[in-house]
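The values are calculated or read from the model by the stated rules, or taken from the named source; none is laboratory data. Model, not experiment: these values are computed from the prediction. All Cβ positions, glycine included, derive from the backbone under ideal geometry; neighbour counts span all protein chains shown.
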Amino acid sequence: MSRYMLLILAAVLFVPVVVPVVATVFVVIINHVNPVEDAPYGDSDQITSLWAIESKKLDGSSDSIINARMKELQKKYPKSAMYRVDATGRTTMVLGGEGTKVLKSRSSKPLDMTSGKPEAPSTDVVLKWPLPTGKTEETRIPAVWTANYTVEFMKKANFRDPLTIVAFIGGGNVNKGQGFMVIEIPRNMLQKSSSNGLLEFVYFGAVMLIVFVIFIIMSVLFFAKIRKRLIHLQSAMVTPSKEGIPLPVDVRRSDEIGHLEESFNQMVHQLTGSRQREREEEQLRKRLVAGLSHDLRTPLTVIRGHMHALHKENLSEQGVHALSRMEGKMQDLGELIDNMLSFNLLASGRYTLKLERKDVLRMIREAAASWYPVWEKEEFEIDIDLPETPLIWDVDEQGLRRVLDNLFQNVVRHAASGKFIRISTEQIQGQTAVVIEDHGPGIQPDSGTKGTGLGLSIVDLLIREMGLRKRVDSSDSGVRTYLYSGKDDELEL
């Protein structure tokens with residue numbers, strides 16, 4: 001949560017804080033990597049301001065004073081070229097700079113610039129400026145300036161190399177008729193800007209993009225790490241060990257997910273302890289059931305012997321009735337003991353089954369025949385509709401008889417009110433199923449005749465061990481129990 005809050009704080013402060021900080025760092029780095037170069041003539045603004053001030057100072061001065069001042073300025077800036085045009089448009093003086101060729105346009109004869117006196121050319125003059133690129137820039141200075149040429153010259157002045165600055169003598173007060181003066185300076189002699197504005201914008205945008213990408217990567221890594229830990233925990237939850245319980249996970253950090261992992265480990269330890277106690281209790285229950293079954297058989301046998309002896313005595317009608325009821329209860333008790341022992345053996349896997357290919361319909365007929373007297377005594381309507389064609393299953397004969405006996409007994413015990421039992425077969429999805437049907441009240445949890453449930457538990461265990469399947473459909477009109485082979489796990493009934 002702390003790291004997440006820091007991430008959110010960084011996102012909130014990204015624009016108002018990160019952008020100015022990055023801009024400041026960017027400017028510092030740019031200035032450090034590409035510092036402003038010192039130039040002997042300053043920058044263009046300084047030269048323009050200087051030329052405007054000098055032209056204003058010369059307001060009302062004579063030609064000789066103006067020429068002398070321009071000569072002084074040319075000595076101060078020897079690599080510059082200066083020339084002056086009077087009010088009539090005539091070029092009155094041209095001062096060439098160092099490295100600059102001054103030629104007459106007609107004769108191509110160089111002007112004599114060494115006499116110390118400014119020369120008023122009678123023909124056009126050409127200044128040739130060598131540029132750093134190796135090319136040459138020319139400035140044509142006409143002997144007489146026309147209005148068209150003057151306008152065209154001033155339009156190009158701001159974009160040329162050399163830098164060309166024009167100023168009216170007297171600060172622009174043209175009414176005094178003193179003309180204008182021009183200075184030309186190679187731009188490589190002026191102070192250069194640190195870099196191109198567009199390039200700086202591109203660099204700044206690239207830096208901001210990098211910062212934004214770093215922020216996105218940090219966010220993705222943050223949530224990817226959380227997701228990885230959660231997936232690891234999820235894998236541990238759905239990957240059980242041999243005992244069916246997940247294995248504990250390693251707790252590497254004591255954060256929220258670490259606390260969740262600790263809770264998961266505690267749950268695993270509790271489940272492991274519970275499974276161990278369950279196994280111990282199961283072993284204790286099996287031993288208890290086995291002991292009780294063995295211990296109860298001996299007194300039960302003695303009681304049955306004494307009850308058999310009582311039949312030889314002269315008993316009243318009430319005594320005979322009581323003795324008959326006692327025998328019925330003793331028989332129920334014997335069956336309960338047998339069921340407890342059988343269930344214990346089945347649950348522990350010690351009940352040995354011998355599977356053989358048998359005709360189950362023949363076994364069902366034999367089991368039904370043994371139950372006929374009971375059903376007739378309970379006044380059941382009996383309907384047995386089994387085909388003559390054998391139905392061969394892989395079953396244990398004794399185990400299947402035990403299943404049938406428990407199912408028939410369940411019908412007598414819980415569906416006696418319906419007075420009906422039907423045993424038949426049905427073809428379902430190409431498979432033959434044995435159906436045992438009654439007209440009782442159906443399966444009701446609150447039935448007063450409900451037993452211990454051991455009989456049906458034994459039925460389920462035996463059917464499972466023999467590879468058979470059972471399905472029960474219950475309604476108010478009765479119960480239908482289907483028995484079928486385990487080749488198909490489920491039948492659509």
If you go through region 125-148 one residue at a time, how many are touching a Pro at 6+ places or on another chain (Cβ under 7 Å) and more than 16 Å from GLU184 (Cβ to Cβ)? 1
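Mind checking which residues of region 413-427 are part of a loop (DSSP other than H, G, I, E, B) and modelled with pLDDT under 90? Don't jump to the end; show me each part of the working.
Going residue by residue through region 413-427, those that are part of a loop (DSSP other than H, G, I, E, B) are 415, 419.
Hit for region 413-427 is ALA415, nothing else.
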Can you pull out every residue in region 203-240 that is among the β-branched types (Val, Ile, Thr) and surrounded by 12 or more Cβ atoms within 10 Å (Cβ to Cβ)? VAL207, VAL211, ILE226
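Taking the residues in region 428-473 that are outside any loop (DSSP other than H, G, I, E, B) and of a type in the set (Lys, Arg) as candidates, determine which candidate is modelled with the lowest pLDDT. Steps first, please.
Here is the first cut: in region 428-473, the residues outside any loop (DSSP other than H, G, I, E, B) are 428, 431-438, 454-465, 468-473.
Right, trim to of a type in the set (Lys, Arg) and you get 464, 469-471.
On the way: ARG464: 85, ARG469: 89, LYS470: 89, ARG471: 89.
Residue satisfying both the conditions and the ranking: ARG464.
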At positive phi and modelled with pLDDT under 85: is that true of GLY89 in this structure? no
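One residue is enough: does region 399-411 have a residue meeting the conditions farther than 25 Å from LYS354 by Cα and more than 60 Å from the chain's Cα centre (by Cα)?
If we filter region 399-411 for residues that are farther than 25 Å from LYS354 by Cα, which is where we start, we get 410-411.
Narrowing further to those that are more than 60 Å from the chain's Cα centre (by Cα): none.
Checking region 399-411: not a single residue is farther than 25 Å from LYS354 by Cα and more than 60 Å from the chain's Cα centre (by Cα).
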Hits in region 245-275 (condition: in a loop (DSSP other than H, G, I, E, B) and either hydroxyl-bearing (Ser, Thr, Tyr) or free of Cβ contacts under 8 Å to residues at least 12 places away in the same chain (or both)): ASP250, ARG252, ARG253, SER254
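For region 315-360, give me the residue count where each residue is of a type in the set (D, E, K, R) and either part of a helix (DSSP H, G or I) or modelled with pLDDT under 80 (or both).
Result for region 315-360: 8.
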If I ask for residues that are at pLDDT 75 or above, outside any strand (DSSP E or B) and more than 44 Å from the chain's Cα centre (by Cα), which ones from region 170-212 would you list? GLY170, GLN178, GLY179, PRO186, ARG187, ASN188, MET189, LEU190
